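Notes for the one structure printed next.
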Amino acid sequence: MRMTLVDLTLATVLAWAGHQVGQEAVPLVGCPAVGQVGPIEAPQGKPKVVALVGIPAEGIAYYQGPVASGVFAP
């Protein structure tokens with residue numbers, strides 16, 4: 001049993017190490033909103049730097065509204 005657990009752990013670590021993790025910047029897309037007192041401008045900011053595994057940075061962006069947290073999406 002112990003040898004099987006060690007083998008499984010080693011295989012998992014080696015498989016995980018095989019993935020290339022890269023720090024890449026994805027664009028920030030500001031989303032305007034309408035509040036109780038009227039329109040709220042879209043936030044502006046710098047691109048978000050994230051660690052990506054197996055996802056091309058060209059395929060996603062970070063969408064954020066003026067008062068809410070953001071989300072990564074295509």
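The values are calculated or read from the model by the stated rules, or taken from the named source; none is laboratory data. Because the structure is predicted, anything quoted here is derived from the model rather than measured. We place every Cβ from the backbone using ideal geometry, glycine too, and count neighbours over all the protein chains shown. Note: areas computed on protein heavy atoms with side chains; ligands, DNA, RNA excluded. Shrake-Rupley method; radii C 1.70, N 1.55, O 1.52, S 1.80 Å.
Please report the carbon-and-sulfur percent of the accessible area for region 22-74; probe 1.4 Å, protein heavy atoms only, DNA, RNA and ligands left out.
The computed percentage sits at 60.
Ordered by packing density, taken as the mean number of other Cβ atoms within 10 Å over each peptide's residues, highest first, how do 38-44, 23-29 rank?
23-29, 38-44
So for each of 63-69, 53-59 I average, over its residues, the number of other beta carbons within 10 Å; can you give me the resulting order with the highest mean first?
Numbers: 63-69: 12.9, 53-59: 10.3.
My ranking of the peptides, most packed first, is 63-69, 53-59.
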